[in-house]
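Q: Before I ask anything, let me first share the structure, which is written out below as structure tokens.
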Amino acid sequence: MKLIKLNAIDSTNDFMKQLLTAQIVENFTVVATDSQLKGRGQMGSTWMAESGKNLTFSVYLSNELINLESIYNLNVAVALSILDVLKEQHIPELKIKWPNDIMSANKKIGGILIENAIKQSSEVQSVVGIGLNVNQQNYDGLPQASSLCLTTGRFFDCDELLTKIVNQLKIYVNLIDVNQGNKLWDKYHEYLYKKDIPSAFENKDGKKFMGIIKQVLFTGQLEVMMEDDSMQYFNIKELKMLF
């Protein structure tokens with residue numbers, strides 16, 4: 001694993017993408033920073049972290065696509081890699097909240113942003129951005145946020161967590177490469193937040209309703225059973241879960 005460590009940067013994903021335009025980058029190259037000034041989440045949402053207390057890094061991956069639908073396999077592999085490492089650290093009640101939030105005991109402790117570029121050769125270049133709340137203890141104004149430290153009462157070595165996550169990701173990406181992605185999906189659904197539990201939602205038009213999460217499709221859409229037992233399908237940012 002090639003590691004580029006920076007004191008402060010606007011966005012590790014943006015830095016990685018700039019690097020890709022300037023030189024050849026090895027698979028699993030990592031850009032990490034102690035302070036990310038303009039971290040981004042899905043669809044432009046922000047990710048705030050105190051300097052030196054959290055994990056903020058990006059990993060570069062290049063793979064051949066089997067088909068366009070298989071692109072979401074990487075989201076599954078990344079989320080499971082994080083969960084596996086956190087399970088080893090005895091972080092309680094771990095779940096994956098669609099599409100890419102890492103949860104512990106109904107609190108958000110991490111987020112993922114994957115940006116893909118599909119080349120003419122059917123190669124997909126992916127920049128995997130990961131933000132994980134590790135040793136931060138203050139979340140004023142963010143009642144749904146927490147950290148590894150707050151959930152366990154102990155502090156963690158960020159560099160050690162980073163190495164373990166990337167090593168686990170290599171294992172799962174290899175499964176995808178040998179067409180064993182279905183095994184990851186089964187495990188992903190075991191950890192899917194609020195799966196098969198009646199929950200409150202709000203759609204993009206502001207309409208609130210009750211529904212039950214059934215699964216995430218290979219395309220990344222969320223399948224929700226409505227109150228009339230019909231199934232509806234939602235893309236990222238078309239649906240908000242109400243706590």
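Q: Being among the polar types (S, T, N, Q) and in contact (Cβ under 8 Å) with a residue 24 or more places away in the chain, is that true of even one residue in region 180-194? So that I can check it myself, show each step before the final result.
A: Taking region 180-194 and keeping what is among the polar types (S, T, N, Q), we get 180, 182.
From the residues that got through so far, the ones that are in contact (Cβ under 8 Å) with a residue 24 or more places away in the chain too are none.
There is no residue in region 180-194 that is among the polar types (S, T, N, Q) and in contact (Cβ under 8 Å) with a residue 24 or more places away in the chain.
Q: Only one of Leu150, Leu169, Leu162 is of a type in the set (A, V, I, L, M, F, W, C) and surrounded by fewer than 22 Cβ atoms within 10 Å (Cβ to Cβ); which? Spell out how you get there, then give the answer.
A: Values: Leu169 fails: surrounded by fewer than 22 Cβ atoms within 10 Å (Cβ to Cβ); Leu162 fails: surrounded by fewer than 22 Cβ atoms within 10 Å (Cβ to Cβ).
So the residue among Leu150, Leu169, Leu162 that is of a type in the set (A, V, I, L, M, F, W, C) and surrounded by fewer than 22 Cβ atoms within 10 Å (Cβ to Cβ) is Leu150.
Q: Could you tell me whether any residue of region 194-204 is at pLDDT 95 or above, outside any strand (DSSP E or B) and surrounded by 13 or more Cβ atoms within 10 Å (Cβ to Cβ)?
A: Yes, the conditions are met somewhere in region 194-204.
Q: Pull out all pairs, ordered by first then second residue, where Cβ-Cβ is under 6 Å, the residues are six or more apart or on different chains, the first lies in region 147-169 and is under 15 Å from Lys2 (Cα atoms), and the second is in a helix (DSSP H, G or I).
A: Taking only residues 6 or more apart or on different chains, the pairs are Lys164/Val85; Ile165/Ser81; Ile165/Ile82; Ile165/Val85; Leu169/Ser81.
Q: Could you figure out which of (1) buried (at least 17 other Cβ atoms within 10 Å of the Cβ); (2) farther than 17 Å from Thr152 by Cα; (3) basic (Lys, Arg) isn't true of Lys119?
A: Going through the list (1) buried (at least 17 other Cβ atoms within 10 Å of the Cβ); (2) farther than 17 Å from Thr152 by Cα; (3) basic (Lys, Arg), Lys119 breaks only (1).
Every residue, every condition in (1) touching a Gly at 6+ places or on another chain (Cβ under 8 Å); (2) basic (Lys, Arg); (3) over 27 Å from Ser35 (Cβ atoms), yes or no:
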position: Lys97; (1), (2), (3): no, yes, no
position: Ile112; (1), (2), (3): yes, no, no
position: Gln120; (1), (2), (3): no, no, yes
position: Ser126; (1), (2), (3): no, no, no
position: Asn182; (1), (2), (3): no, no, yes
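Q: Could you figure out which of (1) basic (Lys, Arg); (2) assigned by TED's automatic domain parsing to the domain that holds Ile82; (3) in contact with a helix residue (DSSP H, G or I) (Cβ under 7 Å, 6 or more places away or on another chain) isn't true of Arg154?
A: Among (1) basic (Lys, Arg); (2) assigned by TED's automatic domain parsing to the domain that holds Ile82; (3) in contact with a helix residue (DSSP H, G or I) (Cβ under 7 Å, 6 or more places away or on another chain), Arg154 violates only (3).
Q: Please work out if Leu175 is in a helix (DSSP H, G or I) and at pLDDT 95 or above.
A: It is false that Leu175 is in a helix (DSSP H, G or I) and at pLDDT 95 or above.
Q: Among the residues of region 164-177, is there at least one that is within 21 Å of Lys97 (Cβ to Cβ) and hydrophobic (A, V, I, L, M, F, W, C)?
A: If we filter region 164-177 for residues that are within 21 Å of Lys97 (Cβ to Cβ), which is where we start, we get 165, 168-169, 172.
Among the residues that remain, those that are also hydrophobic (A, V, I, L, M, F, W, C) are: 165, 169.
Within region 164-177 (the criterion being within 21 Å of Lys97 (Cβ to Cβ) and hydrophobic (A, V, I, L, M, F, W, C)), the answer is yes, since at least one residue qualifies.
Q: Could you look through region 12-40, keep only residues that are closer than 20 Å to Asn135 by Cα and among the small types (Gly, Ala, Ser), and pick out the one that is modelled with the lowest pLDDT?
A: Applying the filter and picking the extreme gives Gly39.
Q: Could I ask something else about it? Within region 87-137, how many residues are charged (D, E, K, R), under 9 Å from the mean Cα position of the chain (by Cα) and in a loop (DSSP other than H, G, I, E, B)?
A: Selection size over region 87-137: 0.
Yes/no per residue for (1) modelled with pLDDT under 95; (2) more than 29 Å from Leu242 (Cβ to Cβ):
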{"residue": "Asn100", "(1), (2)": "yes, no"}
{"residue": "Ala105", "(1), (2)": "yes, no"}
{"residue": "Val127", "(1), (2)": "no, yes"}
{"residue": "Pro143", "(1), (2)": "yes, no"}
{"residue": "Gln168", "(1), (2)": "no, yes"}
{"residue": "Glu190", "(1), (2)": "no, no"}
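The values are calculated or read from the model by the stated rules, or taken from the named source; none is laboratory data. Computed from a predicted structure; not experimentally measured. Note: ideal-geometry Cβ built from the backbone for every residue, glycine included; neighbour counts use all protein chains shown.
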